[in-house]
Amino acid sequence: MRTALLQSSGQPGDVAANLKVLDEAAGRAAATGAALLVAPEMFLTGYAIGDGIARLAEPADGPGADAVAAVAVRHGLAITYGYPERDGDSVHNSAQIIGPDGARLANYRKTHLYGGFEADAFTPGDLPVVQTELNGVRIGLIICYDVEFPENVRAHALAGTELLVVPTALMHPAEIVAESVVPVRAFENQLYLAYANRVGVEGEFDFVGLSALAGPDGTARARAVPSGPAS
């Protein structure tokens, strides 16, 4: 199953602009025969948007999900994207997979929040393994910092995940995660790992890019450069 990674930070705080970036990337991915496009952590709204997180947060079946579903249907491929999920009084750092028919296939809430910013903005999720199937492939879903804990990826391997999708917002100076940890996680658990990162400066954060698709042999089958386009 051909998988495309979108390495972009879009326009933080501008959902409409980010949906346009996603739509254009989906068109390019579909043209190459990709069945799945993976966008970064918090792609729908942007990551470094302060109080905008609570303002722009929406339910898993909200208008943002409907808009992404329309993109998926238009281009005939599945899409994974990160967004702030509103559930009552709680806001989660979430990622969702929407199928090529527009159906919501899986929704995951980040279990390991990174730093004070995320701890202040989000409530951690409590379900470590979330999976779905696409084209006969069992897909698992985690977010960014979660992949740095070997137990998380091992739980997916034991549950039969074949492709682990990881929307990400990895910052300098943690390049070692993208360059070394991600391929090692794929190797030690004998699965494929799709790691899609933000890139460039957003507020106080400087995202490293280096998105990669790592294989069970521990090699990066595809990798974007630090400041490069979608890969």
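Pairs of Cα atoms in segment 96-209 fall into 10 Å distance bins, from 0 up to the last occupied one, in shares of 14, 44, 34, 8, 0 percent. Here the label points at residue 155 and residue 14, each 7 Å from Cα along the C-beta direction, are separated by 3.8 nm in the simple model.
How far, in nm, would the chain grow between residue 137 and residue 187 when pulled straight, counting 0.36 nm per residue and subtracting the alpha carbon separation? Don't jump to the answer; show the numbers that get you there.
Values: separation 50, 0.36 × 50 = 18.00 nm, distance 1.80 nm.
In short, 16.2 nm is gained.
Extent along the principal axes, Cα only, for the chain: 43, 38, 33 Å, with the longest axis given first. Counting only protein heavy atoms, what percent of the accessible surface of segment 14-86 is carbon or sulfur at a 1.4 Å probe? Ligands and nucleic acids excluded, carbon and sulfur reach 55 percent.
Close amide-amide hydrogen proximity is noted between residue 90 and no other residue 5 or more places distant or on a separate chain, at a cut-off under 5 Å (H modeled in the peptide plane; Pro and chain starts excluded).
Compute the relative contact order of segment 1-92 as a whole-number percentage, counting only Cα pairs closer than 8 Å that sit 6 or more residues apart in sequence. Kindly include the intermediate steps, with their values, before the conclusion.
Values: 143 pairs, mean separation 31.4, N = 92.
Rounded, it is 34 percent for segment 1-92.
Spatially, segment 91-143 and segment 154-231 are offset by 16 Å when compared through their Cα centroids. Less than 5 angstrom separates the built amide H of residue 8 from those of 199, all sequence-distant by 5 or more or on a different chain. Computed FRET efficiency, Cβ-Cβ of residue 90 and residue 217, R0 41 Å: what is it to the nearest 0.05? Result of the calculation: an efficiency of 0.55. Near the amide H of residue 111, within less than 5 Å, lie the amide hydrogens of 125, 143, all on another chain or at least 5 residues away, with H placed in the peptide plane.
Can you compute the FRET efficiency between residue 129 and residue 104 using 1/(1 + (r/R0)^6), with r the Cβ-Cβ distance and R0 = 25 Å? Round to the nearest 0.05. Can you show the working numbers first?
Numbers: r = 18 Å, r/R0 = 0.71.
After rounding, the FRET efficiency stands at 0.90.
Its relative contact order, with pairs defined as Cα atoms under 8 Å and 6+ residues apart, puts the chain at 19 percent. Using a Gaussian network model of the chain in which every pair of alpha carbons under 10 angstrom is joined by a spring, one finds that among 211, 94, 180 the greatest mean-square fluctuation is at 180.
Computed from backbone phi, the HN-Hα couplings of segment 20-33 come to 5, 4, 5, 4, 5, 5, 5, x, 5, 5, 4, 5, 8, x Hz, rounded to whole numbers (Karplus: 6.51 cos²θ - 1.76 cosθ + 1.60, θ = phi - 60°; Gly and Pro given as x).
The values are calculated or read from the model by the stated rules, or taken from the named source; none is laboratory data. Since we're looking at a predicted model, the values are computed, not measured. Reconstructed Cβ throughout: ideal geometry from the backbone, glycine too, with neighbour counts over all protein chains shown. With ligands, DNA and RNA removed, areas are computed over all heavy atoms of the protein, side chains included. Shrake-Rupley method; radii C 1.70, N 1.55, O 1.52, S 1.80 Å.
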